[in-house]
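The values are calculated or read from the model by the stated rules, or taken from the named source; none is laboratory data. Being a predicted model, the structure only gives us computed values, none of them experimental. Cβ placement follows ideal geometry from the backbone for every residue including glycine, while neighbour counts extend to all protein chains displayed. To get the accessible areas, we keep the full protein, side chains included, count just its heavy atoms, and leave off ligands, DNA and RNA. Shrake-Rupley method; radii C 1.70, N 1.55, O 1.52, S 1.80 Å.
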Number of protein chains: 2
Amino acid sequence: MRNDGKKRNSGCPVTYGLDTFGDRWSLLVIRELLLRGKKTYGDFLAADEGISTNILADRLKHLEAEGIIVKSRDPDNRRSFTYSLTQKGRDLAPIILEIIIWSGMHDKRPHARRNVLKKINKDREGFEASLRSPQD
Amino acid sequence: MRNDGKKRNSGCPVTYGLDTFGDRWSLLVIRELLLRGKKTYGDFLAADEGISTNILADRLKHLEAEGIIVKSRDPDNRRSFTYSLTQKGRDLAPIILEIIIWSGMHDKRPHARRNVLKKINKDREGFEASLRSPQD
DNA sequence: GATATAACTTGTATTTTGCAAGTGATTATT
DNA sequence: AATAATCACTTGCAAAATACAAGTTATATC
């Protein structure tokens, strides 16, 4: 997997974070769930960044094992599954928002996107609270 | 390297963050610089997590190329080099602090360390400001 | 019953990582 | 002055992780 099983066990909170959600693909799945209303395996596969299918399966398993997401059957379509964030997962919102703020400050590329940043600037408290509370 | 050169170019701020500092070893180097007063190649190698030497060299090069750190000669010891954070690097402080806060909430391991968390709880504004301002 | 869809799994080539050992430029020791 | 340490890497190779293509299973639709 990535670094599963044997956490470095240093007790460091930064390391704990890195071990549970801190790899590129895990964070992108969390972004899709938190910011883009995406829910299914197919949704995640279709994200711009192009995650490969075996890695996605691996990361979903990992995030579920860590209690960041839960998997459930879609009641309307029994061949589809729905992933959603737990409270532990939604509590990652401030981290994602800080990353967006940081990029807003330092990403000088002309095509840098700022739609979420605008929401944060307009009403961070409210926006963050909405992300952290159950069912959007 | 990790994902150098061709950024996915999606324009997404989360992706930009992941591409510039978002891998395990980069973040640990930043932690050492920001929170632990470590400065040299040898310091980073000695960190608990055990980064290997070729990966460390690679990450330092990458972080320098991204403008997160700068390398300079140690004036006191001419065979040693000193790494330090740029403003862009110090601006990562809020992200690191949010990771620490998140881990403080959700890391249930008995040996989870909370010394930095205590500082944050005591005076987040002041602590964060001290991390973000030049020369500690 | 045949075809399609959603969510994976499997196989394999490529890339990245980890580990051990080696190099070059100082600096300290005998 | 020669010898040994130290510091910051680099190199070579085995092991692990990743990307890509193709295949499988369980529904669902025609």
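Here's the yes/no breakdown for (1) more than 7 Å from chain B (Cβ to nearest Cβ); (2) more than 10 Å from DNA strand C (Cβ to nearest atom):
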position	(1), (2)
A:LEU34	yes, yes
A:LYS38	yes, yes
A:LYS71	yes, no
A:ASP74	yes, no
A:ARG78	yes, no
A:ILE96	no, yes
A:MET105	no, yes
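Report whether or not B:ASP43 is facing another protein chain (nearest Cβ under 9 Å) and charged (D, E, K, R). Full working, then the answer.
Values: facing another protein chain (nearest Cβ under 9 Å): no; charged (D, E, K, R): yes.
So B:ASP43 fails the test.
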Report task. May I ask you to list the residues in segment A:44-80 that are of a type in the set (Lys, Arg), in a helix (DSSP H, G or I) and either in contact with a Leu (Cβ under 8 Å, 6 or more places away or on another chain) or closer than 22 Å to B:SER10 by Cβ (or both)? Result -> A:ARG59
Query raised in the report: Quick one: A:ASP91 ticks every box in (1) under 18 Å from B:SER103 (Cα atoms); (2) open to solvent by 20 Å² or more (accessible area, probe 1.4 Å); (3) charged (D, E, K, R) bar one, so which box is it?
Result: (2)
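Any idea which residue in segment B:109-136 is nearest to A:GLY11 (Cα to Cα), counting only those that are of a type in the set (Lys, Arg) and more than 10 Å from chain A (Cβ to nearest Cβ)?
We begin by selecting, within segment B:109-136, every residue of a type in the set (Lys, Arg); these are B:109, B:113-114, B:118-119, B:122, B:124, B:132.
Going one step further and asking which of them are more than 10 Å from chain A (Cβ to nearest Cβ), we end up with B:118-119, B:122, B:124, B:132.
Working: B:LYS118: 15, B:LYS119: 17, B:LYS122: 21, B:ARG124: 21, B:ARG132: 25 Å.
For segment B:109-136, the residue satisfying everything is B:LYS118.
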Requested in this report: Identify the single condition in (1) outside the structural domain of B:GLY17 (by TED's automatic domain parsing); (2) touching a strand residue (DSSP E or B) at 6+ places or on another chain (Cβ under 8 Å) that B:GLY104 does not satisfy, given that it satisfies every other one.
Outcome: (2)
Query raised in the report: From the list B:LYS119, B:LYS108, which residue is without any contact (Cβ under 8 Å) to a residue 24 or more places away in the chain and out of contact with any helix residue (DSSP H, G or I) (no Cβ under 7 Å at 6 or more places or on another chain)?
Result: B:LYS108
**Report entry** Output for segment A:118-136, where each listed residue is under 26 Å from A:THR86 (Cβ atoms) and assigned to a helix (DSSP H, G or I)
**Finding:** A:LYS119, A:ILE120, A:ASP123, A:ARG124, A:GLU125, A:GLY126, A:PHE127, A:GLU128, A:ALA129, A:SER130, A:LEU131, A:ARG132
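Test of understanding: among B:LEU56, B:LEU45, which residue is within 10 Å of DNA strand D (Cβ to nearest atom) and under 25 Å from A:LEU28 (Cα atoms)? I'd like the intermediate steps shown before the answer.
Values: B:LEU45 fails: under 25 Å from A:LEU28 (Cα atoms).
The conditions single out B:LEU56.
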